[in-house]
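Here is the structure we will look at.
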Amino acid sequence: MESELSFLISVLIICADISAGVLGIEAEIDQKKQQHHHDRQQHCRNPSSGAFAEGVAALVLLSIVHVTANVLGGYTYIRSKHDIKRATANKILAVTFFVLSWIFFAVSYSMLMVGTLANSRSNRYCSLRSRWIFLIGGIFCLAHGLVTSAFYVSALAASKEDKENVQQEDPANKRGA
């Protein structure tokens, strides 16, 4: 039952990140459809309300997925060189994918945020260069889904190994006492 639930959560992580990536790419398409208009001082785009809404939706989905995966995946850490030497492959993978998921999250969130702000109705963000920003953010969302799902699976496997190691050590300590 637990493995089926873990598989379902992993698939949901990937699907939600794919949805966020598709929303980011669709926001790029909506943004490209808007016609350019010229200001006296700068070259501005008409803000696209569709691109703005899709950007906000992608940001929300990306955030929900990232928080959910990190909460359900647990906290996997390696504190010292000694921990690295005795860490299992799953634990090393979990830590690696944890760091990568934060990197992909930061890049995709930043790109989607810049693209969304560029399409807000405020003229404050008119000078933001928003060419390909949503597309890059959407692609990084797709990669974030894969990396975050890999983190979740490897963190669960590392947690299971840690529990098994503790159970194996406990009877040995009780016999020696």
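The values are calculated or read from the model by the stated rules, or taken from the named source; none is laboratory data. Every value quoted in this text rests on a predicted model; they were computed, and no experiment measured them. Virtual Cβ from ideal backbone geometry, glycine too; neighbours counted across all protein chains shown. Ligands, DNA and RNA are excluded from the accessible area calculation, which covers all protein heavy atoms including side chains. Shrake-Rupley method; radii C 1.70, N 1.55, O 1.52, S 1.80 Å.
Values as computed for the structure displayed
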quantity	calculated
TYR152 vs. criteria modelled with pLDDT under 90 and among the aromatic types (Phe, Trp, Tyr)	no
Selected residue [surrounded by 17 or more Cβ atoms within 10 Å (Cβ to Cβ), out of contact with any Pro (no Cβ under 6 Å at 6 or more places or on another chain), under 29 Å from LYS33 (Cβ atoms) and modelled with pLDDT under 85] from SER130, SER122	SER130
Selection within the stretch 20-77 - polar (S, T, N, Q), at pLDDT 75 or above, within 30 Å of SER154 (Cβ to Cβ) and surrounded by 15 or more Cβ atoms within 10 Å (Cβ to Cβ)	THR68, ASN70
Residues satisfying the stated conditions in the stretch 93-109, i.e. open to solvent by less than 70 Å² (accessible area, probe 1.4 Å) and over 20 Å from ILE136 (Cα atoms)	ALA94, VAL95, THR96, PHE97, PHE98
Of residues in the stretch 78-95 being part of a helix (DSSP H, G or I), free of Cβ contacts under 8 Å to residues at least 40 places away in the same chain and under 24 Å from the mean Cα position of the chain (by Cα), the one farthest from GLY145 (Cα to Cα)	ALA89
